[in-house]
Amino acid sequence: MTGIQDDGDDPQHPEEHIAPVPRISVQAFCETEQTLKAVTAAGQDRRLAKAHLSAKDGGLAAAIEAYESMPTPNVIVIESDGTRDILEGLDDLAGVCDPGTRVVVIGSPNDTAPYRELVRRGVNDYVVGPVETLDVVRSICSLFSASEAIITGRVVAVVGAKGGVGASTVAHNLAWTIARDLSLDSVVIDLDLAFGTAGLDYNQDPVQGIANAVLSQDRPDTALMERLLAKCTDRLSLLAAPATLDRVYDFGAEAFDAVFDTLRMTTPCIVLDVPHQWSGWTRRALVNADDIVVVAEPDLANLRNTKNMLSVLKAARPNDRPPLYCLNQVGMHKRAEIEVKAFAKTMESQPIAVIPFDSKLFSTAANNGQMIAEVSRTHRTTVLFQNMANRLAGRGEMKKPKRSLLEPLLKKLKGKSGRSSAPHRKAS
């Protein structure tokens with residue numbers, strides 16, 4: 001049971017990474033009820049959270065009429081049902097369209113216009129209908145992530161189903177493994193401002209960190225973030241928590257948005273160490289992440305909390321891969337535990353990993369400010385973190401090299417060769 005769950009639980013592009021859009025306005029003019037529903041639902045997706053999106057009936061004709069008397073938005077989505085010459089309609093739309101407006105056309109299988117002609121008329125993307133919600137989200141988001149040519153970092157949020165289950169340890173080892181083994185520039189953000197342990201785990205004592213960014217009067221920019229990051233390895237940086245109690249850390253739901261948005265533009269992978277609390281900003285951080293990992297121990301309270309968290313987060317992210325969970329400290333001596341099989345049955349999915357209890361390994365790493373792989377490169381828990389890192393970075397599970405049928409024979413021959421080449425001792 002120890003290992004990685006397969007990708008079969010998410011039929012809609014399980015490894016696809018769609019970057020969120022900036023603050024933009026989007027107006028859609030639809031011909032069919034199905035497209036109108038898909039566009040309306042797309043407006044509720046987390047990646048379009050900053051967009052002001054409206055949808056109405058009427059297609060190209062309604063769009064042309066509307067923009068004769070009003071300015072155009074950042075993005076116009078037009079549906080063509082194939083009953084009108086789309087090229088002629090786009091020529092008319094161009095006459096009332098402001099420069100810089102991006103156009104997405106949802107076409108019909110009946111359309112005969114060559115794609116080259118659509119591009120010449122300023123169409124930025126063309127999608128053949130009928131469309132689903134994720135098609136609309138993907139099309140609008142791709143206009144900005146591709147055209148602006150910027151890094152759109154992947155955000156992985158790790159949170160505990162209860163306090164003390166080792167979620168921070170999992171988050172820190174996961175980030176370290178992504179940076180080292182996958183050679184991805186990564187940042188760990190310790191969001192437990194009062195009691196965070198990332199600085200201890202990485203043996204760092206930075207003067208500044210996440211508190212300076214979130215409490216800054218000015219919007220954090222790339223230059224500020226560079227100053228606040230502590231370098232842990234060549235590819236891993238830390239935005240540490242102050243871990244002091246000289247103030248109360250109360251935040252609004254959108255308090256960390258600017259920090260995350262800024263880091264997304266420069267960092268391929270961002271790992272959030274989210275504290276075990278349920279507030280507006282923690283819920284928002286989880287919902288807006290590309291992947292979520294809930295860390296739990298195999299007991300009843302963790303079972304209940306994990307089930308509740310997975311249900312709420314899955315409902316809030318209908319177009320994303322379902323949130324994942326990891327079982328930690330499994331097999332603790334003399335502790336009654338819920339079996340992994342029973343836990344998975346309640347969750348209706350397999351855990352991304354089952355990490356065995358090993359008090360000596362984990363306490364040694366914690367007390368020395370080391371990662372698990374630094375204490376033992378060959379330990380099975382090190383391999384688990386490598387598999388999790390591959391899975392969450394979109395690389396898939398590491399595959400073991402196939403064992404040759406001749407391997408046992410070659411080992412024997414090698415052993416004999418080694419013994420025969422050794423110098424013989426003379427009898428006394």
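Kindly indicate the residue of the stretch 171-186 that is among the hydrophobic types (A, V, I, L, M, F, W, C) and surrounded by fewer than 24 Cβ atoms within 10 Å (Cβ to Cβ) and also nearest to residue 391 (Cα to Cα) among those meeting that condition.
182
Those residues that are buried (at least 16 other Cβ atoms within 10 Å of the Cβ) and among the small types (Gly, Ala, Ser), I need them from the stretch 48-58; list them, please.
Listed by number, the residues that qualify are 49, 51, 55.
In the set 242, 268, which member is in contact (Cβ under 8 Å) with a residue 12 or more places away in the chain, surrounded by 19 or more Cβ atoms within 10 Å (Cβ to Cβ) and farther than 23 Å from residue 164 by Cβ?
268
Restrict the check to the stretch 31-47 and report whether at least one residue is farther than 18 Å from residue 132 by Cβ and either of a type outside the set (Asp, Glu) or exposed (fewer than 14 other Cβ atoms within 10 Å of the Cβ) (or both).
No - not one qualifying residue is present in the stretch 31-47.
Residue by residue through the stretch 46-75, note down the ones that are farther than 21 Å from residue 23 by Cβ and without any contact (Cβ under 8 Å) to a residue 24 or more places away in the chain.
Those that are farther than 21 Å from residue 23 by Cβ and without any contact (Cβ under 8 Å) to a residue 24 or more places away in the chain: 65, 69.
Can you find a residue in the stretch 182-204 that is touching a Leu at 6+ places or on another chain (Cβ under 7 Å) and farther than 30 Å from residue 375 by Cα?
no
Within the stretch 54-99, how many residues turn out to be within 17 Å of residue 31 (Cα to Cα) and outside any helix (DSSP H, G or I)?
15
Could you say which residue among 187, 170, 214, 207 is under 27 Å from residue 332 (Cβ atoms) and assigned by TED's automatic domain parsing to the domain that holds residue 357?
That would be 170, the only listed residue that is under 27 Å from residue 332 (Cβ atoms) and assigned by TED's automatic domain parsing to the domain that holds residue 357.
Quickly run through the stretch 133-162 and pick out the residues that are at pLDDT 95 or above and of a type in the set (Gly, Ala, Ser).
157, 160, 161
The values are calculated or read from the model by the stated rules, or taken from the named source; none is laboratory data. As the structure is a computational prediction, the values presented were derived from the model and not from experiment. A quick note on method: Cβ atoms are made from the backbone with ideal geometry, for glycine too, and the neighbour counts reach across all protein chains shown.
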